[in-house]
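Working notes, structure below.
The values are calculated or read from the model by the stated rules, or taken from the named source; none is laboratory data. Nothing here was measured: the structure is a model prediction, and the numbers come from that model. Heads up, the Cβs are rebuilt from the backbone with ideal geometry, glycines too, and the neighbour counts pull from every protein chain shown.
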Amino acid sequence: MPKIIPIRELKNTASISKYVEETNEPVFITKNGYGSMVIMSIKVYEKEIAKRQMIELINDSLKDIDKTDQKIDGTMFLNEMKTKYGK
């Protein structure tokens, strides 16, 4: 369950830092009852950025597939790569 705290509780940065490091969960900060910002560990941030980049690459690849008539079966492709690179 996400942790949501009002902005006035940001004074206790040590406990917030400890929480995000130990739980790998973000802390949502509200201001006047509305969402204002999110605090998360660097580890979680980097993981989220990597996911987003992977999704963008997959979407770009899917667009490329739609643009060309050259479609190769996945199993066949992997077998060709194993043969070519020996793994």
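Tyr34: among the hydroxyl-bearing types (Ser, Thr, Tyr) and surrounded by 11 or more Cβ atoms within 10 Å (Cβ to Cβ), yes or no? If you could, list the steps in order and put the result at the bottom.
Details: among the hydroxyl-bearing types (Ser, Thr, Tyr): yes; surrounded by 11 or more Cβ atoms within 10 Å (Cβ to Cβ): no.
No; evaluated as a whole, the condition is false for this residue.
Is it true that some residue in the range 24-46 is part of a helix (DSSP H, G or I) and of a type in the set (Gly, Ala, Ser)? So that I can check it myself, show each step before the final result.
Pass one, the range 24-46, residues part of a helix (DSSP H, G or I): 42-46.
This time we only want the ones that are of a type in the set (Gly, Ala, Ser), so: none.
Scanning the range 24-46 turns up no residue that is part of a helix (DSSP H, G or I) and of a type in the set (Gly, Ala, Ser).
Could you list all residues from the range 2-14 that are loosely packed, with under 12 Cβ neighbours inside 10 Å and either among the aromatic types (Phe, Trp, Tyr) or within 19 Å of Lys43 (Cα to Cα) (or both)?
Hits for the range 2-14 are Pro2, Thr13, Ala14.
Which one of these does Asp69 not meet: (1) of a type in the set (D, E, K, R); (2) surrounded by 10 or more Cβ atoms within 10 Å (Cβ to Cβ); (3) without any contact (Cβ under 8 Å) to a residue 24 or more places away in the chain?
(2)
Could you please give the count of residues in the range 7-30 that are basic (Lys, Arg) and over 25 Å from the mean Cα position of the chain (by Cα)? Spell out how you get there, then give the answer.
Here is the first cut: in the range 7-30, the residues basic (Lys, Arg) are 8, 11, 18.
So of that shortlist, the ones also over 25 Å from the mean Cα position of the chain (by Cα) come out as 8, 11.
So the answer is 2.
Cβ-Cβ below 6 Å, separation at least six or inter-chain, first residue in the range 15-37 and closer than 14 Å to Pro2 by Cα, second at pLDDT below 95 and assigned to a loop (DSSP other than H, G, I, E, B): which pairs?
The qualifying pairs are Phe28/Pro2.
Within the range 37-56, can you find the residues that are surrounded by 10 or more Cβ atoms within 10 Å (Cβ to Cβ) and among the aliphatic types (A, V, I, L, M)?
Once the filter is applied, which keeps residues that are surrounded by 10 or more Cβ atoms within 10 Å (Cβ to Cβ) and among the aliphatic types (A, V, I, L, M), the range 37-56 yields Met37, Val38, Ile39, Met40, Val44, Ile49, Ala50, Met54, Ile55.
Looking for something in contact with an Asp or Glu (Cβ under 8 Å, 6 or more places away or on another chain) and not acidic (Asp, Glu) - is there at least one such residue anywhere in the range 44-65? Before the answer, list the steps.
Let us first name the residues in the range 44-65 that are in contact with an Asp or Glu (Cβ under 8 Å, 6 or more places away or on another chain), namely 44.
The next check asks that each one be not acidic (Asp, Glu); those that pass are 44.
Yes.
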